[in-house]
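Note sheet for the following structure.
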Amino acid sequence: MKFIKLFFLFGLSTALIPLEVKGKRFIKPNVDAKKDGEVFFIKGIDYQPGGSSAYDSSTGTDALSDSEACYRDAYAFQQLGLNTIRIYSLNPDTNHDECVTIFNNAGIYLLLDVNSAEYGSNLNRADPEGTYDATYLTRIFKFIEAFKNYPNVLGFFSGNEVINDQSDYAETVPKYIRAVQRDMKQYISKYSNRTIPVGYSAADNTDLRRATLEYLQCNNNNDDSNSDFFGLNSYQWCSGISDWESSGYNVLNSTLNNASIPLLFSEFGCNTNSPRTFDEISEGLFDGLLYTFSGGLVYEYSQEVSNYGVVEINDDNSITYLTDFVNLKNQYNISQIPTILSSDVTKSSLDTCDATIITNIYSSFGADFDIPEQPSEITDLIQYGVNATNIGKLIDNVEAKKSNYTVYDTSTSQIDSATVIFYASDTINSQTGTSSATHSATSSTQTLGSTKTSSSAKTSSSKGMGVSSFKIPSIFALFFALMI
């Protein structure tokens, strides 16, 4: 029986190992560092139970502090077929070890915004010069310390919709976004044992999006202020109304297909028609946009006042699936996602920054590459580190179990089997054949050894796409450990 469990585990070409960026793709490395990794496509959802207004740092709680809620939602994520969630506001002083471990072992990567709406915790677009200071960067650096050691952290968002067409924000804000990204990447380089991608989430503005991408992705004298990936909050395709052309996805594809960094929808899911059918997933995101975008995150998990949720969180912390939940699950399940090997991805170089290119796209864009110098206080923070008391890590012996909070289906019937599954493959967080390794979470006795299979996976064409194949990594140490 142990041999069968091991066989299925070794059938995986990749485990939950930190993702990397190569050219315009996210890469999920192979368990065996000598073997090819694969391109990672995001099948995700935006996750902020209670909405952004519910976050209050003084409470010491946030979206990753209640383990029972995390068990509840990890189960729901698995039912949806997700591999990634985005979280907008988190407290860098709160311990997140148990929740992050639950999501890690459930196969979920995290895209995290380093900001919050609280004073001193964001770059104020109305006063970027006055809020780019040591107080703000202290919060960001403490955030990095809190999350840098979790292998399932896919990346950090430096900002969300800070650049927009209101007032003169598109002219005054951009260089400060690059300054924040430079500082973040310097801190990560000095204090993290791995490179963690830093990106930006842009507003749904058809005039600004290309200019913003061109400004943030280019190489400015190797100052490391560029984005490593680019998220777009897009609500162009509305269920039952739009198609490839009427949504503007055809234009989106043609104008952004020359990107040098990974693109994703950091938010999507127009709710003009409700319930949403999410046909933009199988007919757009994982169809015509497949070679331009690397997936996306539906807005949003819990039903809030804006009416975008796929579940209702009830007063007793139970959840009830909405019709949107069923429709989203179906779309992620039927989407045809190819297998692309890392060796088939071109490692592109970033173009040298050119202000003329950007102002030709959007004349009032602040294409200023004279990035603000670091105030001496921020330089000192990078040189000596912040006084962080909360440095997260995955923990051992977290069991796969059912939450104390009840899960109800769309007919409000209780789901008795709502137990999250921990696959043995997802508790492998480091590669063999490397000199350094990331923490590997110890799986509980309830961990399953079988790998997850997806009915949506398909073999790609041989023209630059790689070939789907069954690969068996050489993990002899793990073999003997499991056979004992």
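Taking label positions 7 Å along the Cα-Cβ direction at both Ser349 and Gln336, the computed distance is 3.7 nm, reported to one decimal.
Distance distribution note for segment 293-368: the fraction of Cα pairs above 22 angstrom is 59%. With the Cα gyration tensor of segment 123-178 giving a ≥ b ≥ c as the square roots of its eigenvalues, does the rule (a/c under 1.5 for rounded; else a/b larger than b/c for prolate; else oblate) give rounded, prolate or oblate? Oblate is the answer for segment 123-178, as a/c is 1.5 or above yet b/c matches or exceeds a/b. For Glu267, the residues whose amide H sits under 5 Å from its own are Leu232, Asn233, Ser234, Leu297, ignoring neighbours fewer than 5 places away on the same chain, with H placed 1.01 Å from N.
Counting beta carbons within 10 Å around each of Tyr132, Tyr423, Tyr235 and listing the fewest first gives the order Tyr235, Tyr132, Tyr423. Treat each spin label as a single point 7 Å out from the Cα along the C-beta direction, and report the Asn397 to Asp315 distance in nm. It works out to 3.9 nm between the two label points. Pairs from the list Lys34/Lys329; Lys34/Lys142; Lys24/Lys190; Lys35/Lys401; Lys35/Lys142; Lys43/Lys402 with a Cα-Cα gap above 31 Å: Lys34/Lys329; Lys34/Lys142; Lys35/Lys401; Lys35/Lys142. How many percent of the alpha carbon pairs in segment 229-365 exceed a separation of 21 Å? Here the tail beyond 21 Å accounts for 50 percent of pairs. When you restrict to C-alpha pairs under 8 Å that are six or more residues apart and normalise by the size of segment 2-384, the relative contact order lands at 20 percent.
Report the full-extension gain for the segment Ser413 to Asn164: residue separation times 0.36 nm, less the Cα-Cα distance, to one decimal in nm.
Taking 0.36 nm per residue and subtracting the Cα distance, the gain is 85.2 nm.
The three principal axes of the Cα atoms in segment 80-214 give end-to-end lengths of 45, 35, 25 Å, sorted in falling order.
Using just the helices of the chain, give the 222 nm mean residue ellipticity in deg cm²/dmol: DSSP H runs with n ≥ 4 each add -39,500 (n - 2.57), and the total is spread over all residues, rounded to 500.
Rounded to the nearest 500, it is -7500 deg cm²/dmol.
None of the figures in this text is laboratory data; all of them are computed from the coordinates on show. Since the model is a prediction, treat every value here as computed from it, not as a measurement. Glycine gets a Cβ as well: all are built from the backbone with ideal geometry, and neighbour counts include every protein chain shown.
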